[in-house]
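Student: Below you will find the structure I want to go over with you.
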Amino acid sequence: METTLTSKGQATIPKHIRDSLGLKPGSKLEFTVNEAGEIVLRPTTTPTETMQQRLDRAVGILKEPWPGGTDAFMALMRGDD
């Protein structure tokens, strides 16, 4: 597949390649040139989690309710005496 370099030096990565590498908006990439003069593209971070995935992962982290309840927690967060 062929793509065109823009005047800003940008090129579109084809969808099937983005999908196969798990690339999402905000993914970090590393470009290198091998000894054959070919460009090698590697993701440098894991694919970005969706907000729902972050929430699903966070559910159940706190095993016990906050002592004193929600009002005490909010007072602590606000810096109330």
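Since every read-out is calculated from the coordinates, none of them should be taken as a lab result. Worth saying up front: this structure is predicted, and the values here are computed from it rather than measured.
Student: Mind pulling the angle between the C-alpha long axis of helix 69-78 and the longest principal axis of the chain? Nearest 10 degrees, somewhere in 0 to 90.
Tutor: Helix 69-78 sits at roughly 60 degrees to that axis.
Student: Over all directions, how big on average is the projection of the convex hull of the alpha-carbon atoms in the stretch 1-51, in square nanometres? It would help to have the intermediate numbers written out before the result.
Tutor: Working: hull surface 18.4 nm².
Here the figure is 4.6 nm², rounded to one decimal.
Student: Lysine pairs in the chain 8 or more apart or on different chains: how many have alpha carbons under 28 angstrom apart? Don't jump to the answer; show the numbers that get you there.
Tutor: Numbers: Lys8/Lys24; Lys8/Lys28; Lys15/Lys24; Lys15/Lys28.
Final tally of qualifying lysine pairs is 4.
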